[in-house]
1. What are the residues in segment 21-41 that are within 15 Å of ligand 2 (Cβ to nearest atom) and closer than 14 Å to Cys207 by Cα, if any?
2. Considering only segment 226-242, state which residues are outside any strand (DSSP E or B) and either open to solvent by less than 60 Å² (accessible area, probe 1.4 Å) or within 28 Å of Arg187 (Cα to Cα) (or both).
3. Out of the strands (runs of 3 or more DSSP E) lying entirely within segment 1-44, which hold 3 or more residues that are over 16 Å from the mean Cα position of the chain (by Cα) and in contact (Cβ under 8 Å) with a residue 24 or more places away in the chain?
4. Which residues, taken from segment 175-188, are exposed (fewer than 13 other Cβ atoms within 10 Å of the Cβ), of a type in the set (Gly, Ala, Ser) and farther than 17 Å from Leu125 by Cβ?
5. Find the residue count for segment 46-61, including only residues that are out of contact with any helix residue (DSSP H, G or I) (no Cβ under 7 Å at 6 or more places or on another chain) and without any contact (Cβ under 8 Å) to a residue 60 or more places away in the chain.
6. Just checking, does segment 63-70 include any residue being modelled with pLDDT of 95 or more, closer than 14 Å to Val157 by Cβ, aliphatic (A, V, I, L, M) and surrounded by 15 or more Cβ atoms within 10 Å (Cβ to Cβ)?
7. Yes or no: segment 48-57 includes at least one residue that is open to solvent by less than 40 Å² (accessible area, probe 1.4 Å), under 15 Å from the mean Cα position of the chain (by Cα) and within 16 Å of ligand 2 (Cβ to nearest atom).
8. Suppose we keep only residues that are touching a Gly at 6+ places or on another chain (Cβ under 6 Å) and open to solvent by less than 10 Å² (accessible area, probe 1.4 Å) within segment 142-174. Which one would you say is farthest from ligand 2 (Cβ to nearest atom)?
Amino acid sequence: MITLTNVRKEYNSDVAIGPVTLEIPSGGITALVGPNGAGKSTLLTMVGRLLAMDSGEITVAQHDVSSTSSKDLAKIISILRQENHFVTKLTVRQLVGFGRFPYSKGRLNAEDEQIISRYIDFLNLTDLENRYLDQLSGGQRQRAYVAMVLCQETDYVLLDEPLNNLDIAHSVEMMKHLQSAAREFGRTIIVVLHDINFAARYADYICAVKGGKIAEFGTPREVMRDDILTEIFNTPVQVIDGPNGLLAVYH
Ligand code: ADP
Ligand code: MG
């Protein structure tokens, strides 16, 4: 479980995120949705301790994020930022290998290599594993970053807009990968998604953020309602019952 208690971040006198109090249950996928600038990335990076909060408390699996050592935290939680995507002369395999750093300290052993291969395979990157990152399409590169984060093998995985740069087919594929990472490997995945319909289709819980506060938290059935989505996204939204579940339609 992840808990946030009265968490606040004040960037300046105009922009304050929080106070947020929230419990995210263990297991499954929780989608963070909401308009641009709502505070999704701020909340996610504070949970991953890439950004210091001004006040409040965050725990991940009962570890206080502020006081747990980086070494221990890196074995509990991994995070893919929205824009950390330092493209350098690294191959896919080398990048994914960085996910093993909390265990290997830079010296990969045979078990690490096996784990690296598993996640390269899991994200269908085997044919590309010796390519340099700057020789990939945006979508292939995005998959390599996700493979790196999963390769860290933490119980909690935070992903900020991992569907960026992916076309519809690859977005669907990525969400299915995340679903199986949650189901087969028992991971708890918190993912910022741009598209509410992907959240409705693949997430177990939807957490809607608006104006730096949590506007709604619930199952897709609970959150996918005309009035709720219209309010969150500031534009008329209609929810229809499609063949594969609920679908938001914008006017
Ligand atoms: P989201 O991910 O939901 O689009 P963010 O968490 O990135 O939103 O941003 C929330 C608000 O905080 C926005 O108004 C944004 O402009 C502001 N903000 C984000 N980062 C900074 C920063 N480093 N300095 C000042 N304001 C920031
Ligand atoms: Mg963001």
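The values are calculated or read from the model by the stated rules, or taken from the named source; none is laboratory data. All figures in this text were calculated on a predicted structure; none of them were measured in a lab. Here the Cβ positions follow ideal geometry from the backbone for every residue, glycine too, while neighbour counts run over all protein chains shown. Ligands, DNA and RNA are excluded from the accessible area calculation, which covers all protein heavy atoms including side chains. Shrake-Rupley method; radii C 1.70, N 1.55, O 1.52, S 1.80 Å.
1. Listed by number, the residues that qualify are Ala31, Leu32, Val33, Gly34, Pro35, Ala38, Gly39, Lys40, Ser41.
2. Of everything in segment 226-242, those that are outside any strand (DSSP E or B) and either open to solvent by less than 60 Å² (accessible area, probe 1.4 Å) or within 28 Å of Arg187 (Cα to Cα) (or both) turn out to be Ile228, Leu229, Thr230, Ile232, Phe233, Thr235.
3. Per the criteria, 2-10, 16-24.
4. Listed by number, the list holds a single entry, Gly186.
5. 8
6. no
7. yes
8. Residues of segment 142-174 touching a Gly at 6+ places or on another chain (Cβ under 6 Å): 148, 151-152, 158, 165-166, 170.
Within this subset, residues satisfying the condition of being open to solvent by less than 10 Å² (accessible area, probe 1.4 Å) are 151, 158.
On the way: Cys151: 23, Leu158: 12 Å.
So, considering only residues that are touching a Gly at 6+ places or on another chain (Cβ under 6 Å) and open to solvent by less than 10 Å² (accessible area, probe 1.4 Å), the one farthest from ligand 2 (Cβ to nearest atom) is Cys151.
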